[in-house]
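Heads up: the structure comes next, in structure tokens.
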Amino acid sequence: MNNPSNVYEIVSAQERPFSEVLVCDEVNWRQESQFAKQLLQQSDYLNKIAWSNPSSLANAIINVAAIGISLNPATKHAYLVPRDGMVCLDISYMGLMHLAQQAGSIRWGQSRIVYTKDSYHNQGIDVAPAHQYAAFGDRGEPVGVYCTVKTVDADFLTEEMSKEQVYEVRKRSKAFASGKSCPWTTDELEMWRKTVVKRAHKYWPKSDRLNTAIDVLNQHEGFREEMDITPDPSARPAPEHYSQESFDTNFPKWRDAIEAGKKTPEQIIQMVSSKAVLTDDQKAQIKEVAA
């Protein structure tokens, strides 16, 4: 549309490109265009940025279709936000989990903050952590965050990050380094949750839509291109050896999964090896199931 008189006309002009890249039937133009207009109506600053940079508004709306995520405020999955003179599509950690569930990568997941007065224990590979806390009392200061998901094969996968590891990621954000208001300053704990989900997803079954969403987030959150948001593997503690006791406990379940055709020995070995070191004898025992 030439010479639009307001930002709502810019939104309306995106119907065709939106429809051309749409990847999810649950997202439709009529609803998303209305959600976008509502967000613009609610924020004079967002409206101003959209008018000064209409191409960024158009790109953000098209990204909604390309990723297949809704701007519905009731779900809290995605938003249009002003950032560095542009309108950007922002996706919450809940939105990322939703994409993984829709793609069939996981059955469910959660991302939780751990505080100094909580009781938190990692219970080993393929077991959900034990996290107890006083829900309505003083929990102290946040010290870490974790993401636990259950895969379609009923495996539990948990990723953990300490406060220090989260802050290492935060330092790599151009938005935070600028000293201006950004999600790291206005919604810090939500960024903790999103950060651990973004790192955890690398161990989940592949999802093109989720990968696209994270690429969009990294671009608009301003992570320095020369630096990966994943901490240097050499800076992470070396994985421990998988105890024989845990192996003997879990082996029957892995054997059943292999015999039922739900997993291959290589998939089992890869899953366990992402968190701990298997001995050659342990690997051989897993491989023998399919022999």
Practice task
At most 12 other Cβ atoms within 10 Å and a DSSP loop assignment: could you name the GluC sites (Glu not before Pro) in the range 7-68 that fit?
Solution key: GLU26
Practice task
Just report the Cα centroid separation between the range 247-278 and the range 1-46, whole Å.
Solution key: 47 Å
Practice task
Decide, for the chain, between rounded, prolate and oblate: order the square roots of the alpha carbon gyration tensor eigenvalues as a ≥ b ≥ c, take rounded if a/c falls under 1.5, and otherwise choose prolate if a/b is larger than b/c, else oblate.
Solution key: prolate
Practice task
Please say if the range 244-288 is rounded, prolate or oblate, where rounded means a/c under 1.5 for a ≥ b ≥ c the square roots of the C-alpha gyration tensor eigenvalues, and otherwise the choice is prolate for a/b larger than b/c and oblate otherwise?
Solution key: prolate
Practice task
Please get the size of the charge dipole for the chain, origin at its Cα centre, with Cβ charges of +1 on Lys and Arg and -1 on Asp and Glu, quoted in debye to the nearest 20.
Solution key: 480 debye
Exercise for the section: Could you compute the FRET efficiency for ASN28 and HIS121, with r as their C-beta to C-beta distance and R0 at 35 Å, rounded to 0.05? Expected result: 0.20
Handout entry: Nearest-0.05 FRET efficiency for ASN6 and ASP153, computed from C-beta distance (R0 51 Å)
Key = 0.50
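Here is the link list: LYS48/LYS171; LYS76/LYS194; LYS117/LYS163; LYS263/LYS283; LYS150/LYS262. Which ones come out longer than 18 Å on Cα distance?
Exceeds cut-off: LYS48/LYS171.
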Exercise for the section: Treating cross-link reach as a plain straight distance, find the aspartates and glutamates whose alpha-carbon is under 16 Å from the alpha-carbon of LYS180, omitting any fewer than eight places away in the same chain. Expected result: ASP84, GLU188, GLU221
Practice task
Using a 10 angstrom cutoff on alpha carbons, build the Gaussian network for the chain and name the most mobile of ALA60, ALA13, ALA175.
Solution key: ALA13
Completion exercise
Note: probe point = Cα of SER52 + 7 Å toward Cβ; backbone nitrogen < 20 Å; residues of the range 75-115 passing the test are 80-90
Practice task
Take the Cβ-Cβ distance between PHE251 and GLU15 as r, set R0 to 51 Å, and report the resulting FRET efficiency rounded to the nearest 0.05.
Solution key: 0.40
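Bear in mind that the values in this text are calculations on the coordinates, not laboratory data. If you're wondering where the values come from, they're calculated on a predicted model, not measured in any experiment. Every residue, glycine as well, gets a Cβ built from its backbone with ideal geometry; the counts of neighbours run over all protein chains shown.
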